[in-house]
Every structure is written in structure tokens, then in C-alpha cells.
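The values are calculated or read from the model by the stated rules, or taken from the named source; none is laboratory data. Predicted model only: the values in this text are computed from it and were never measured. Here the Cβ positions follow ideal geometry from the backbone for every residue, glycine too, while neighbour counts run over all protein chains shown. When the accessible area is computed, the model is the full protein with side chains, heavy atoms only, and any ligands, DNA or RNA have been set aside. Shrake-Rupley method; radii C 1.70, N 1.55, O 1.52, S 1.80 Å.
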Amino acid sequence: MIEAINLHKRYGGFTAVDDLSFQVEPGQVLGFLGPNGAGKSTTMKMLTGFLSPTSGTARILGHDILDDSLAARRCMGYLPEGAPSYGEMTVSEFLRFVARARGLDAGAVDSAAGAAMERLNLGGVVHQPIDTLSKGFKRRVGLAQAILHDPQVLILDEPTDGLDPNQKHEVRRLIQDMASDKIIVISTHILEEVEAVCNRVMIIARGRLLADDTPAALVARSRYHNAVTLVVDNAESAASTLSELPQVAKAEIRDGALTVFPAGAGLFEAVSGAVAQHGWQVRELRLENGRFDEVFRTITRDVDPNTEQTPDQEAGHHAVVEEAR
Ligand SMILES: Nc1ncnc2c1ncn2[C@@H]1O[C@H](COP(=O)(O)OP(=O)(O)OP(=O)(O)O)[C@@H](O)[C@H]1O
Ligand SMILES: [Mg+2]
């Protein structure tokens, strides 16, 4: 497993990572989330031995990243932020170079480079210098070098940044395929990606751990969890009518959609019953799971210097039609 033990990183007087401790087990795909500057890349750099911690350490499959650095790095594949590589090399030259650096023997170099190129759909650019590739292809070359030696541990810093929708889908599938027996840590700003591939999420801000949970449990913290949203022509009057129901705590209209929040069980049935009873023309009716972006903002708003507006302040911008009686 991965063990991060009281990791600290200071740059001069500035603390980028502030006492992070956590463990990641095989089979876990951990999503690292946090606002810009939260310390995600810095933490990944320390886990992979690229940066020394100011204090604390990490162990990768039992190998201390400071005392036993080479052994720790052998069992890891790392896609650094921005997917750096050697731009003057062709894709094939670069991947074969990485394979040799990883210590693969001559026979295995070609097959490992070939397999990695195939998995990342790099067939069309094998002989092209990396400097001449588009951003998304460069990222895929970075991913190819990370998985080349079939490592037990993968640390991927924004693996799908810059990829087109088809390639995002392919890379998520690749991560899912590799997930069962590996330890995978990814950072991302795409919340739907976390729900699609991660079975654990850590939210950090200002270098501190603020939440560590499953995606489903985090989404369930949303105020929209188990709310019902309708798109209906007569939203104002529907809101007043629905507010009379004992299952409804509150009704809100936002961007033309009416959301009612639960006061107890059976909200969806009660709302569908009212729709049928009154013959409303409903264009959309859905039970909400929760909204990840709202949970993210709620968790990080007090510690993120980039944010000026809190979800509560935003709530003031739309009509709260009926409060709980
Ligand atoms: N070499 C450095 N010298 C000084 N400060 C640095 C250095 N590297 C990073 N920092 C600072 O440390 C903090 C954390 O940076 P880091 O790159 O880890 O953030 P991040 O969570 O990866 O952000 P992003 O989402 O933008 O990638 C930032 O405030 C950054 O400016
Ligand atoms: Mg980063």
C-alpha cells in the first residue's frame, strides 16, 4: 500500500502541504481534489520521490521514499503535472528510452513500448517528434510512459487534462481496467471523472485534508440529496402547491427549474402524485442524487483564497419560494 506519514512541504515561509497522513490500498482509485494551489501536485511529487518533504515521509509497498528511494520508484508509474517528456524524441524513441531506463531487457523494450502505444491509441504518431504533437497526444504519451512497466502503483497528475471527449472516455476505461489489482492516485478538476473512476476521494485545500470519503457519500452531503427537481410551465404556482405537502421542507426556483427539498421520506411519490392530480405539463422530473460541485464548494470555500462567493451567497440570487412551515 501507499502510506503518507505526516508529509509537510514548505517553500520558504509558505506551507504548501501541511501534515498529510493517509493510506491507500490495492484496488483503490483515489481521486485527489482541491482548488488550484491546494497542494495536490506537491503531494504527488513527494510520493514519487521527485521532491523531498520538508518533514514526514511516505512508504510505497513498504519502501521508504527517502531511505529506499529507488525501490519505491521502481514500483511506481508517474505522470507528472503537464506531462513533461523529451520533445525532440519521437514517440517510439521516447517510450523505448523509458523502457530501457526502467531496466526492461532488450526483448521486452519493444513489446512494452508497443503495448503502451496501443493502449493509448498512439499508433498514428509513432514516428512523430513529441514537440510536434498536439496537447492531448502529449498527455497520452505521458500516460504511456507511466504504465509502460506495468507498475503496481500509479500516480497520475491530471491524466485527462486536454483530452478530447473520446480520449477522456478511453483513459477512464484504461484506469478502470487497471484498477482491480493496482493502487491508483489521480488528481483532477473534473468532478464527473471522480464519480466515474474513483472509489475514494480526498479533498485538500491549503495543503490540509478536508474530506476523505467515497464519491457517493460525498455527494450525499449535498443539500440536493434526495431533492426532486421539475421543469414545469407553471413553476411558481406548482411551488406553492407542493409546499403544502408534508413531505416538502422548502421549494426553490432556479434557472427555470423547480426544486423541492425533502422533509421526510416519500418525496418523489408525493410530487409525482401532485403532478398527476393537477395535470401539470412536466418536461422533466428527477430525483436528485446530490450535486458534487456544491459539496466541493461548501467544503473548500472557507479555505480557498480563490473563491469570493459562497453557495449560500449564491442562493440569495434566486427565489426561495417557500420556506419550511
Ligand atoms: N517550487 C515552488 N516554489 C514556491 N512555491 C511553490 C513551488 N511549487 C509549488 N508552490 C506553491 O505551492 C502551492 C501548491 O502548489 P501545487 O502545484 O501543489 O497545487 P495544486 O493543488 O497541484 O494546484 P493545481 O490544481 O493548480 O494544479 C501553490 O501555492 C504553489 O504556488
Ligand atoms: Mg497541480
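A few remarks follow.
- Of all residues in region 94-123, those being open to solvent by 70 Å² or more (accessible area, probe 1.4 Å) and within 17 Å of residue 75 (Cα to Cα) number 4.
- Meets criteria (modelled with pLDDT of 95 or more and part of a helix (DSSP H, G or I)) for residue 268: yes
- Within region 136-164, the set of residues being more than 16 Å from ligand 2 (Cβ to nearest atom), open to solvent by 60 Å² or more (accessible area, probe 1.4 Å) and charged (D, E, K, R) comprises 138, 150, 164.
- Residue within region 63-82 that is touching a strand residue (DSSP E or B) at 6+ places or on another chain (Cβ under 6 Å), part of a helix (DSSP H, G or I) and among the charged types (D, E, K, R) present: no
- Residue in region 226-236 that is open to solvent by less than 50 Å² (accessible area, probe 1.4 Å), in a helix (DSSP H, G or I), modelled with pLDDT under 95 and not charged (D, E, K, R) present: yes
- Filter result (over 13 Å from residue 259 (Cβ atoms) and part of a loop (DSSP other than H, G, I, E, B)) within region 271-288: 279, 280, 281
- Filtered residue count, region 154-186, keeping only those that are part of a loop (DSSP other than H, G, I, E, B), within 16 Å of ligand 1 (Cβ to nearest atom) and under 25 Å from residue 291 (Cβ atoms): 4
- Criterion violated by residue 85 - all others in (1) among the small types (Gly, Ala, Ser); (2) on the phi > 0 side of the Ramachandran plot; (3) open to solvent by 30 Å² or more (accessible area, probe 1.4 Å) satisfied: (2)
- Residue match in region 39-53 (condition: away from ligand 1 (no atom under 16 Å from the Cβ) and free of Cβ contacts under 8 Å to residues at least 60 places away in the same chain): no
- Among residues of region 9-28 that are small (Gly, Ala, Ser), those with a beta-carbon under 6 Å from a residue that is within 16 Å of ligand 2 (Cβ to nearest atom) at least six positions away or on a different chain give the pairs 16/9; 16/39; 16/42; 16/207.
- Residue identified as over 21 Å from residue 119 (Cα atoms), among the small types (Gly, Ala, Ser) and either away from ligand 2 (no atom under 16 Å from the Cβ) or in contact (Cβ under 8 Å) with a residue 12 or more places away in the chain (or both) among 92, 69, 85: 69
- Matching entry among 91, 126 (being at pLDDT 95 or above, surrounded by fewer than 19 Cβ atoms within 10 Å (Cβ to Cβ) and assigned by TED's automatic domain parsing to the domain that holds residue 26): 126
- Scan of region 187-208 for residues that are more than 12 Å from ligand 1 (Cβ to nearest atom) and either part of a loop (DSSP other than H, G, I, E, B) or surrounded by 24 or more Cβ atoms within 10 Å (Cβ to Cβ) (or both), ordered by number: 194, 198, 199, 201
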